[in-house]
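One structure below.
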Amino acid sequence: MIILDSKAQLTADVIFKVAQSKMQIVNAAKLLNKSRRTIERYLQRYREVGIQFVVHRNTGRSPANKKPDSLKRRVQSLIKTKYYDVNLQHLAELLDLNEGIQVKRETLRAWAHDIHHVKRAKRRHSKVRKRRERMESSGLLLQMDGSPHRWFGDTTSCLIAIIDDATSEIHAEFFESETTLGCLKVMRDYIEQKGLFKVLYVDRAGIFGGPKRCNFSQMQRACDELGIEIIFANSPQGKGRIERAFDTLQDRLVPELRLRNISDMQSANHYLQTVFIPEYWQRTIAVKAKNPAVEFAPVPSHLNLADICVQKEYRKIRNDHTFSYNNKLYVVESPLKHSIAKQSLEIRKQSDGHLTAYFAGRRIAISEVLEPTKQ
């Protein structure tokens with residue numbers, strides 16, 4: 001029994017009339033929108049097998065490139081148990097790299113839809129904005145921000161990143177939270193690798209000298225000493241380069257850390273900076289600048305990054321040569337010829353929390369005073 005649709009029925013009727021000499025081949029070709037050669041082939045097949053000529057010979061056959069059902073079930077099981085938080089493109093790469101399975105993206109999409117397991121992109125309603133072109137040269141403008149997220153393990157941590165607007169080259173590091181010391185460390189590490197840049201593009205957070213901390217921001221002070229100008233974005237879309245970078249990192253980096261059983265910050269930073277950024281980001285995301293000339297400048301010899309990219313605060317020395325910092329009492333131990341009581345002391349806090357004290361540009365020794373506790 002042959003069941004024909006409307007198109008196949010029309011083809012059969014036309015070829016039947018051509019076979020009975022009731023219609024010319026030219027008219028049949030125009031009516032079916034086929035070439036003369038195709039009508040002649042239809043006619044020849046009709047004389048050989050009859051009405052079955054309208055049925056394609058591959059009807060009921062499996063495609064030659066069809067993947068076996070066992071492979072489909074295996075991939076679907078891996079999606080449910082192992083790769084449940086990766087997107088389709090990332091899934092195809094991981095299957096090829098870790099499992100030795102090569103499946104096209106659209107095939108994976110169909111298999112994932114069958115088990116109702118597809119990671120969809122975030123959809124946000126946003127205003128229409130004009131696209132801003134990249135900077136022409138690297139080192140002209142860099143964007144910096146932090147992204148609190150559950151990157152690894154069961155606790156939330158913050159990834160602080162700085163990215164070049166011209167090339168999308170990135171440097172990032174995990175911290176417990178978005179702190180001033182973390183931002184200073186990331187900026188210092190990037191300057192040590194590349195050199196001094198021109199402009200830092202950030203949001204209006206207090207860390208960078210926003211409205212809440214416009215007169216005592218450590219980042220703003222460090223940038224002033226290095227000759228870097230800070231520009232504040234009026235909206236998150238203004239610094240879209242770093243925002244989209246965090247979307248990509250959350251989409252790609254989180255599954256990679258989970259698959260490698262990384263749950264501590266030290267291991268996460270090591271994998272991020274030695275494997276993920278050089279092997280994936282630099283090869284896939286980073287681009288070439290329009291102008292090959294770089295705008296990075298070497299750090300002048302009279303500037304010491306270790307003395308600039310730190311948290312600096314000032315305390316007044318008491319008559320007994322002690323001062324208070326973070327609810328702790330410290331005493332000046334360096335031998336002094338003259339009293340420096342009631343003078344201002346500069347306290348520098350390093351990224352590891354270590355304190356150093358300076359007076360008139362000279363380092364002095366200090367120690368914490370341990371008060372006796374009550375019984």
Check: P(r) for the stretch 187-249: what percent of alpha-carbon pairs falls in each 5 Å bin, starting at zero?
Finding: 4, 17, 22, 24, 22, 10, 2
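Only Lys, Arg, Asp and Glu count, each charged at its Cβ (+1, +1, -1, -1), so figure out the dipole size of the chain about its Cα centre, rounded to 20 debye. It would help to have the intermediate numbers written out before the result.
Details: 63 positive and 42 negative charges, 486 e Å.
Value, rounded to 20: 2340 debye.
Working out 0.36 nm times the residue gap between Ala360 and Asp154, then minus their Cα-Cα distance, what length gain in nm do you get to one decimal?
Working: separation 206, 0.36 × 206 = 74.16 nm, distance 4.65 nm.
Answer, rounded to one decimal: 69.5 nm.
Percent of accessible area on the stretch 223-266 owned by carbon and sulfur, 1.4 Å probe? Display every interim value, and only then the final one.
Numbers: 920 of 2160 Å².
Carbon-and-sulfur percentage of accessible area, whole number: 43.
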Next item on the list: Please list Phe216, Phe359 in order of solvent-accessible area, largest first, computed with a 1.4 Å probe with all protein chains present.
Entry: Phe216, Phe359
Next item on the list: May I ask for log10 I(q)/I(0) of the chain at q = 0.06, 0.15 Å⁻¹, from a Debye sum over the Cα atoms as equal point scatterers with solvent left out?
Entry: -0.45, -1.30
Item checked: Heavy-atom accessible area per residue - the chain, 1.4 Å, Å² -> 62 Å²
Next item on the list: Considering the options Asn234, Leu257, Leu272, tell which one lies farthest towards the positive end of the dipole of the stretch 207-285, charges being +1 on Lys and Arg and -1 on Asp and Glu at the Cβ, about the Cα centre.
Entry: Asn234
Notebook entry, point to check: Taking the radius of gyration and the Kirkwood hydrodynamic radius from Cα positions alone, what is the Rg/Rh ratio for the stretch 148-218, to two decimal places?
Noted result: 0.99
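Could you work out [θ]222 nm for the chain from helices alone, using -39500 (n - 2.57) per DSSP H run of at least four and dividing by all its residues? Round to the nearest 500 deg cm²/dmol. If you can, show how the numbers build up before the last one.
On the way: 11 runs with 121 residues, N = 375.
Here the helix-only value at 222 nm equals -10000 deg cm²/dmol.
Any idea what the alpha-carbon Rg over 2.2 N^0.38 Å comes to for the stretch 259-373?
Values: Rg = 22.1 Å, N = 115, 2.2 N^0.38 = 13.4 Å.
With N residues counted in the stretch 259-373, Rg over 2.2 N^0.38 Å equals 1.66.
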Next item on the list: Using only C-alpha atoms and all pairs of different ones, pull out the Kirkwood radius for the stretch 225-264 in Å with one decimal.
Entry: 12.8 Å
Next item on the list: Quick one: P(r) of the stretch 206-295 from all Cα-Cα pairs, 10 Å bins, percents rounded to integers, in order of increasing distance.
Entry: 13, 28, 34, 24, 1
Check: How many nm is it between the label spots at Glu346 and Arg315, if each spot is 7 Å from the Cα in line with the beta carbon?
Finding: 1.7 nm
Next item on the list: Using a 1.4 angstrom probe on heavy atoms only, work out the carbon and sulfur share of the accessible area of the stretch 276-375 in %.
Entry: 49 percent
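Just to verify a number: FRET efficiency for Val49 and Gln102, C-beta to C-beta distance, R0 = 45 Å, to 0.05?
On the way: r = 39 Å, r/R0 = 0.87.
E(calc), rounded to 0.05, equals 0.70.
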Notebook entry, point to check: Between Arg61 and Val26, what FRET efficiency comes out of the Förster formula 1/(1 + (r/R0)^6) with R0 = 35 Å and r the beta carbon distance, rounded to 0.05?
Noted result: 0.55
Notebook entry, point to check: Just how far, in whole angstrom, is the stretch 178-204 from the stretch 231-263 if you go by their alpha carbon centroids?
Noted result: 17 Å
Next item on the list: Among the listed pairs Lys7/Lys30; Lys316/Lys337; Lys185/Lys239; Lys239/Lys288; Lys185/Lys316, give every one whose C-alpha distance is greater than 24 Å.
Entry: Lys185/Lys316
Checklist line | GNM top mover of Ser177, Ser324, Ser263 - the chain, alpha-carbon springs below 10 Å | finding: Ser324
Notebook entry, point to check: How big is D for the stretch 65-124, in µm² s⁻¹ as a whole number, if Stokes-Einstein is applied with the Kirkwood radius of its Cα pairs at 37 °C and 0.692 mPa s?
Noted result: 281 µm²/s
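What is the gain in length, in nm to one decimal, between Lys337 and Asn33 on full extension, counting 0.36 nm per residue of separation less the C-alpha to C-alpha distance? Don't jump to the answer; show the numbers that get you there.
On the way: separation 304, 0.36 × 304 = 109.44 nm, distance 10.59 nm.
Length gained between Lys337 and Asn33: 98.8 nm.
The values are calculated or read from the model by the stated rules, or taken from the named source; none is laboratory data. What you are looking at is a predicted structure, and each value in this text was computed from that prediction instead of being measured. Please note: Cβ atoms are built from the backbone with ideal geometry, for glycine as well, and neighbour counts cover all protein chains shown. Surface areas here come from the heavy atoms of the whole protein model, side chains and all, with no ligands, DNA or RNA. Shrake-Rupley method; radii C 1.70, N 1.55, O 1.52, S 1.80 Å.
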